[in-house]
Structures are given as C-alpha cells and as structure tokens.
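The values are calculated or read from the model by the stated rules, or taken from the named source; none is laboratory data. Please read all numbers here as calculations on a predicted model, not as lab measurements. Ideal geometry is used to build each Cβ from the backbone, glycine not excepted, and the neighbour counts take in all protein chains shown.
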C-alpha cells in the first residue's frame, strides 16, 4: 500500500487499502492543516473518483500533527491567503470559496461512509470537511469551534445549516461567540458521533483497512461493530455535559443580537457575563449578519444554505453597499488584527452592537448573481 501526495497539493496524502478504503491525510502541520485552494481541489478530485469507483467502500480522513499523524485536524481556511488575495484582487479568492463550498456539499451528500478523525484543532473549514461525515470521531484533544466572527466573517462551510440544527439555541451561541468546545459538548450538541482516546487513533486508522465488506452499507456496519467492541470508545447518546446555562439559553434565543446582549447583561451571572464579554470582542456588524444567517438556514436545504453563504462571503470581501473597498472590509480588518499584525485589536466599523442598522445588514442577503449564474447553481 503506497501513500502518495495528490497532484494538486503536496499537503494531501492519498492511499487506497487492499480492502477498498480510501484514506486521506491533511499534511500541512505547520499551518495546522489550514486549507488552501490546492488542498480543496485535491480532496474534491479524490472524493469524486472514489464516489464512482465500485472498488471503494468507504473513505476516511485525518490530519497530520507536528509530531506525526493525528494531533491536529484542520484549523480552517488559509486566512493569510484571504487577506493577501483580497488586497491584491486575486481571482483565486472567488475560486476558493466556490470550490470549498462545493466540496462541503459533496461530503455532506457522499453516498459512501466517510469517517472523520477530528483530533486536535477542528475549526472553520475543518468543520466543513468533517460535519458531513457518517462517523465523526472526537478525542480528549479535540478543540472545536466556528470562530469566524473574531475575524469579521461568519460561520460558513455549511455552518449556518449545521449550527442551526444543534439543540435549543446552542447554534446561535457557538456561531456568535465562536467559543471553543471539547468532545463532551460536541457529542451532546450533535457535532460528533463517537469519542475515543487519542492514543487509540493509530490502531483505528489501521483497522479501517482490515474490514472486508462487499458494499458500503456492510462496511459501515462492520466499522460500527468494531467501534462498539472498543472498551474506551463511546457513542453519542445520553447527554454528557450540561446544556447552556438557562439564562444564556434564553438570551441567545432573542430575536436580535442587541436583545441577546441585553438579556446577558440583565442575567447578571458569571456564565452570562463571560458570553457577553466574548460578544463585545467580535465584529458587531457580523454578529448581526450571523444571527440572521442561522435563523434563515434553519428553514433551508443544505444546498440553499451554501448558496446563501456564497452570497454572504462575496459581500464580506466586497462590501460595496457600505461604500467600502475590500481593504476596508470587516474581514480584512479582522484577519489583519489576528494573523498579520497579531495585535488582536481590530478596529470594527461600527464599533458597537447598538450602532449597527438594518440597512447595513439586509443587503448582505441579496445575491450578487441571478439564479442562473450563481456559482453554486449546480448544487442539488
């Protein structure tokens, strides 16, 4: 069995086991396996080929850590590239989001079992290539988040859709605050299926290739049987962590972000104060956009939610309705503060939640394209 880099990217390693399992390894550990356009294309090409290959019964994906396999899954998209491309007018920025969202849809609708080993950092784009898996494995090292509001963006890669399907108002809480959660929360809130000890993952990776099965359904049953036989693995079932504190749950159910903040302020508890302090660090404008995104996505199909996100991301980098250039966008400013200058002091505009008006938010939800020309018009 030979592991080879994809012709699209040296950072995606591809192998096929004799038993018919396609295995993908993200191999960009210095960047926590952040996705660039070549990696997106490599993953898409492999998954399309295996989808139509009767000799492949299942697919698995993992990340490479600094010390070898596992330890990190994927920290998201390559935000430094986003920053550079936006300032330079690089058309590859448009290609990246169109192709990434197409890949996300492919994974969510994949007809064969897709197993994601979500060990270590799983954020942003890493959620997009794992949340659609038939089996999502987390460990005690899992650090999961949709942290986009911290860089003036929104939870994309299907984030509005899958966060909107978390219990209660957990989706609003995660999408607005961008807080990081562990395996317990992921299991309890529907963002993972199985928790495993990190030390067991190399053995599980090898076991994938030893399960002989005549078809994908039989393979999945065999894999689930293997999981159930592991004494320290546990499937999602009974809630393992408490839901949101009642006052936080109530606040995040409010109809506007301003009302969310007011509810947290009025609650007066430590949990509410922490959530409010986090919100105050995020882009006020994008908080309002995200609240509306998740509300809308709850009633959408995945394909429509991804099309909406493609509209939103275009407006994020080209906020013409605000009279701003790409360089003046919340997203470029947020990335500058976090990853370029690293001062962690973004200059949000507006600077306060209370100063965001509906006229600033509503145009984000108007598509820049007619339906027949939308970049994601082909998603079923």
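Is there a residue being modelled with pLDDT of 95 or more, at positive phi and not assigned by TED's automatic domain parsing to the domain that holds residue 160 anywhere in the range 322-329?
Yes, the range 322-329 has at least one match.
Residues to consider are 229, 204; find the one that is buried (at least 18 other Cβ atoms within 10 Å of the Cβ), more than 30 Å from residue 170 (Cα to Cα) and assigned by TED's automatic domain parsing to the domain that holds residue 182.
On inspection, the qualifying residue turns out to be 204.
Could you grab me the full set of residues in the range 47-99 that are at positive phi and free of Cβ contacts under 8 Å to residues at least 12 places away in the same chain?
Across the range 47-99, the qualifying residue is only 68.
Would you confirm, using the coordinates I've provided, whether residue 266 is outside any strand (DSSP E or B), free of Cβ contacts under 8 Å to residues at least 40 places away in the same chain and surrounded by 14 or more Cβ atoms within 10 Å (Cβ to Cβ)?
In short, no.
So, in the range 361-370, how many residues would count as being touching a helix residue (DSSP H, G or I) at 6+ places or on another chain (Cβ under 6 Å) and either without any contact (Cβ under 8 Å) to a residue 60 or more places away in the chain or within 16 Å of residue 291 (Cβ to Cβ) (or both)?
Counting residues in the range 361-370 that are touching a helix residue (DSSP H, G or I) at 6+ places or on another chain (Cβ under 6 Å) and either without any contact (Cβ under 8 Å) to a residue 60 or more places away in the chain or within 16 Å of residue 291 (Cβ to Cβ) (or both) gives 4.
Being at pLDDT 95 or above and not in a helix (DSSP H, G or I): is that true of residue 239 here?
Against the criterion (at pLDDT 95 or above and not in a helix (DSSP H, G or I)), residue 239 does not qualify.
Quick one: in the range 191-224, of everything that is in contact with a strand residue (DSSP E or B) (Cβ under 6 Å, 6 or more places away or on another chain) and not in a helix (DSSP H, G or I), which residue is nearest to residue 22 (Cα to Cα)?
209
From 291, 282, grab the single residue that is in contact with a helix residue (DSSP H, G or I) (Cβ under 6 Å, 6 or more places away or on another chain), touching a residue at least 60 places away in the same chain (Cβ under 8 Å), outside any helix (DSSP H, G or I) and outside the structural domain of residue 106 (by TED's automatic domain parsing).
Every option except 282 fails the conditions.
For a quick check of your reading: which strands (runs of 3 or more DSSP E) sit entirely within the range 119-185 and have at least 2 residues that are under 12 Å from the mean Cα position of the chain (by Cα) and crowded, with 24+ Cβ neighbours inside 10 Å?
121-123
In the range 37-70, what count of residues is obtained for those that are assigned to a loop (DSSP other than H, G, I, E, B) and under 26 Å from residue 19 (Cα atoms)?
Residues in the range 37-70 being assigned to a loop (DSSP other than H, G, I, E, B) and under 26 Å from residue 19 (Cα atoms): 6 in total.
Among (1) modelled with pLDDT of 95 or more; (2) under 17 Å from the mean Cα position of the chain (by Cα), there is one condition residue 78 misses while meeting the rest; what is its number?
Of (1) modelled with pLDDT of 95 or more; (2) under 17 Å from the mean Cα position of the chain (by Cα), only one is false for residue 78: (1).
Looking only at the range 238-258, which residues are free of Cβ contacts under 8 Å to residues at least 12 places away in the same chain and either within 30 Å of residue 138 (Cα to Cα) or exposed (fewer than 15 other Cβ atoms within 10 Å of the Cβ) (or both)?
Those that are free of Cβ contacts under 8 Å to residues at least 12 places away in the same chain and either within 30 Å of residue 138 (Cα to Cα) or exposed (fewer than 15 other Cβ atoms within 10 Å of the Cβ) (or both): 238, 242, 246, 255.
Do we find a residue being closer than 21 Å to residue 379 by Cα and surrounded by fewer than 19 Cβ atoms within 10 Å (Cβ to Cβ) anywhere in the range 80-94?
Yes, some residue in the range 80-94 is closer than 21 Å to residue 379 by Cα and surrounded by fewer than 19 Cβ atoms within 10 Å (Cβ to Cβ).
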